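*Asks:* Dropping the structure in here first, questions after.
What follows is calculated from the coordinates using simple rules that are stated; it is not laboratory data. Because the structure is predicted, anything quoted here is derived from the model rather than measured. Cβ atoms come from the backbone with ideal geometry, glycine included; neighbour counts cover every protein chain shown.
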Amino acid sequence: MKACLTFFRMRLKSGLQYRTAAWAGIVTQFFWGFMEIRLYYAFYEASPERFPMTFAQLTSYVWLRQALLALFNAWSFEMELFDMILKGDVAYELCRPASLYGMWFARSLALRISRVVLRCVPLLVVTSLLPAPWGLGGPASLSAFAAFLVSMTLSACVCVAFSLIIYFSCFFTLSSDGVRMFTLPLVELFSGALIPLPFMPDGLAAIVQLSPFGAMQNAPLRIYSGNITGKELALVLALQLFWLMALCVIGYAMQRQGLRRLCVQGG
C-alpha cells in the first residue's frame, strides 16, 4: 500500500506540470458546455414539462460534467501501458516490490486527478457566476453535496477499474485498438457523457442505471442537483460500491491470468 501511495504522488506531481494544455482544455470545455446548454434550451423552450430534469438541474449537470471531464472521460488512457503489455516491457513492472494492479490503479487515478485539478476550479468559478438558470447552481442541500463527494470518489474509482480491464485485455489480444473502439462508444453513451440517462427511454434507462456505466459520471452529477434523492440515492451509492468491487475483482483476475500466459522474448 505504501508503495502504491508513493507511486500515486509521483504521477500526480508529474501530471500537474501540463498547465498550458489545461488552459486550452478549459476554454474548449467552457464553449462546448455553453453550446450544449443552448441546444437543450431550444427543446426546453417548447415544452419544459416533458423533460425528466428541470433546466436548472440540466445546466448544473452539463457544467459539472465539463469541469470534471478529465476525471470521468472514457478515453483517458495511457498508451504507454498498452505498449508495456504488447511489447513485453511489463516485465520491468513486475520487478517492482508492489502489486502490478495496485500500481497501475494508482497511476491511472493520479493521472485523472492531476488533469481535473488544473481545469475544474476556473470552470466552476466562471460558470457559478453566470446568471440563473444558465450557470452552475449550488447543490440541492448540504447532505446532497456530501453524497456527491462520496459518489464522485466512487465514480472515479469505477472509471479507473474499468480502464484497467481494457489495459489487461491486451494480454489476450494482438492489439488494443479493437477493444477500445468497441468499448469507448458504449461508455460515452451509457455513462451519461452524451445525454443524461433520464433522457433515454424508460426501459433502457432502467437497465443502464443498473450496469457499471450507470455507476460512472451519471450518478454524482445527478446527485448534486437533487435529481437523485432518498431511497434511490442509497441504491445508487450501493450500486457504485458493488460495481467498483466487481470490476476490481475482474481486472485483478484478468491480470493474474494474463501474467500466467506472459512470454517475454529477447536478450
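*Asks:* Taking each pair of distinct Cα atoms in the chain once, what is the resulting Kirkwood hydrodynamic radius in Å? Working shown, then result.
*Replies:* Working: mean 1/r = 0.0510 Å⁻¹.
Computed over the chain, the radius equals 19.6 Å.
*Asks:* If you don't mind, there's one more thing I want to ask. If you line up the long axis of helix 55-67 against the longest principal axis of the chain, both from Cα atoms, how many degrees apart are they, to the nearest 10?
*Replies:* Computed tilt is about 30 degrees.
*Asks:* What number in nm² do you get for region 163-244 if you take the convex hull of its Cα atoms and divide its surface by four? Provide the component values of the computation, followed by the final result.
*Replies:* On the way: hull surface 23.7 nm².
Computing the convex hull of the Cα atoms and averaging its projections yields 5.9 nm².
*Asks:* Then there's this: Along each principal axis of its Cα atoms, how long is region 107-148 end to end? Whole angstroms, biggest number first, please.
*Replies:* Result for region 107-148: principal-axis Cα extents of 38, 24, 10 Å.
*Asks:* Out of Leu221, Val179, Leu237, whose Cα points farthest toward the positive end of the dipole of region 173-267 (charges: +1 Lys, Arg; -1 Asp, Glu; placed on Cβ)?
*Replies:* Checked the options; the winner is Val179.
*Asks:* Let me ask something additional. Compute the Kirkwood hydrodynamic radius of region 90-248, taking the inverse of the mean of 1/r over all pairs of distinct Cα atoms, and give it in Å to one decimal. Before the final figure, lay out each step's value.
*Replies:* Details: mean 1/r = 0.0577 Å⁻¹.
Result for region 90-248, one decimal place: 17.3 Å.
*Asks:* For the chain, what does -39500 (n - 2.57) per DSSP helix run (n ≥ 4), summed and divided by total residues, give at 222 nm, in deg cm²/dmol to the nearest 500? Let's see the in-between values first.
*Replies:* On the way: 12 runs with 190 residues, N = 267.
Per the formula, -23500 deg cm²/dmol.
*Asks:* Which one, Pro212, Ala144, Met79, is farthest towards the positive end of the dipole of the chain when Lys and Arg carry +1 and Asp and Glu -1 on their Cβ?
*Replies:* It is Met79, whose Cα lies furthest towards the positive end.
*Asks:* What distance in nm separates the simple spin-label points at Val125 and Tyr41, each placed 7 Å from Cα in the Cβ direction?
*Replies:* Taking the two extended label points, one gets 2.4 nm.
*Asks:* Under unit Cβ charges (Lys, Arg +1; Asp, Glu -1), what dipole magnitude, rounded to 20 debye, does the chain have relative to its Cα centre? Could you put the intermediate results ahead of the total?
*Replies:* Numbers: 20 positive and 12 negative charges, 166 e Å.
So the magnitude is around 800 debye.
*Asks:* Hey, got the dipole for region 143-267? About the Cα centre, +1 on K and R Cβ, -1 on D and E Cβ, debye to the nearest 20?
*Replies:* Working: 6 positive and 4 negative charges, 79 e Å.
The dipole of region 143-267 has a size of about 380 debye.
*Asks:* Answer with one residue from Ser169, Gln57, Leu130: the one whose Cα lies farthest towards the positive end of the charge dipole of the chain, charges on Cβ with Lys, Arg +1 and Asp, Glu -1.
*Replies:* Positive-most Cα among the choices belongs to Ser169.
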